[in-house]
Amino acid sequence: MKNFRIIPRLEIKSNNLVKGMRMEGLKKIGDPSEFSKDYYNQFADEIFYEDIVASLYNRKLNIELIKKISSNIQIPLTVSGRIRNIKDMYEIFNCGGDKVSVNTHALKNPKLLKEASNLFGSQSICAHIQYKKTGVSTYEVFSESGRQRHYIDLFEWLRLVQDMGVGELYLFSIDNDGVNTELDYHLLERVRKICNVPLLYGGGIREKSEIDKLVNLNFDGVCISHALHNKKISILSIKKKFQKTMSKYIYK
């Protein structure tokens, strides 16, 4: 079985790690550099860094914070938030980021993903996809932490970004973010069937049984924030549960 990745998701506002519900009502959690170091020591597979207000307020990425986090860890660091062009990507890679995950400016200009994939390699370019249920059986993509609707069908967008050459897809549910709501496994199964690149899910992960279902759906990893920050579950406990199928780390 392929390695299923456990990825802490750090949602950043200014210099703070924050968390909200359905991407709103943000609560300060702590120092993101300390949390990232702790997660690294717990054998996280990578860190997902997301500046959740940089694009909304047209703020520059916090390069110094990205550098600080990168210097504390020896695992991949994926950066998302206000990545507008190739120059921004160069800056992120030069300060320690390993991958970029693009949302708002990919929706404005999908060819940015293709240009970036051709220049840096698809392994470094990811699509950051925030989605919400908008009808009985319809799902659409959003940006700006769920504030901006684009009237684009989720499945159409998944196909398009793959055509643009992205190497991975990070799929985040707005409806499930930070709340105790049952995951829509039927939708996730449909999504998995049309995705030919690594697919990672985030939003409302509360317990190991939900991760088990994602493994069975052939997802490649999970991004977790609230449950890890509040110590409802731990990376080590998840990895121990899957030690028979996850060979990266061995426990006694």
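The values are calculated or read from the model by the stated rules, or taken from the named source; none is laboratory data. In this text, all values refer to a predicted model and were calculated from it rather than measured experimentally. Every residue, glycine among them, receives a Cβ derived from its backbone with ideal geometry; neighbour counts consider all protein chains shown. Note: accessible area is taken over every heavy atom of the protein model, side chains too, but ligands, DNA and RNA are not part of it. Shrake-Rupley method; radii C 1.70, N 1.55, O 1.52, S 1.80 Å.
Of note:
- Counting DSSP beta bridges with both ends in the chain, the antiparallel % (nearest 5): 30 percent
- Stokes-Einstein translational diffusion, the chain - Kirkwood Rh over all Cα pairs, 0.890 mPa s, 25 °C, in µm²/s: 136 µm²/s
- Fully extending the segment from GLN74 to LYS231 would add 54.3 nm, taking 0.36 nm per residue of separation and subtracting the current Cα-Cα distance.
- At full extension, GLU207 and ILE152 could sit 16.7 nm farther apart than now, given 0.36 nm per residue minus the alpha carbon distance.
- Surface share of carbon and sulfur [accessible, 1.4 angstrom probe, percent] for the chain: 46 percent
- Under 5 Å from the amide H of ILE152 lie the amide H atoms of VAL141, each residue being 5 or more positions distant or on a separate chain, with H modelled from the backbone and absent for Pro and chain starts.
- Length available on full extension from TYR90 to VAL179: 0.36 nm per residue minus the Cα-Cα distance, which gives 28.5 nm.
- Computed from label points 7 Å out along Cα-Cβ, the spacing between THR138 and PHE43 is 4.6 nm.
- Translational diffusion coefficient of segment 116-252 (Stokes-Einstein, Kirkwood radius from Cα pairs, 25 °C, 0.890 mPa s): 153 µm²/s.
- Taking the DSSP beta bridges with both ends in segment 123-252, the antiparallel portion is around 35 percent.
- Heavy atoms of the protein chains alone define the surface here; on that basis the chain has 45 Å² accessible area per residue at 1.4 Å probe size.
- Value of [θ]222 nm, deg cm²/dmol, for the chain, DSSP H segments ≥ 4, -39500 (n - 2.57) each, nearest 500: -9000 deg cm²/dmol
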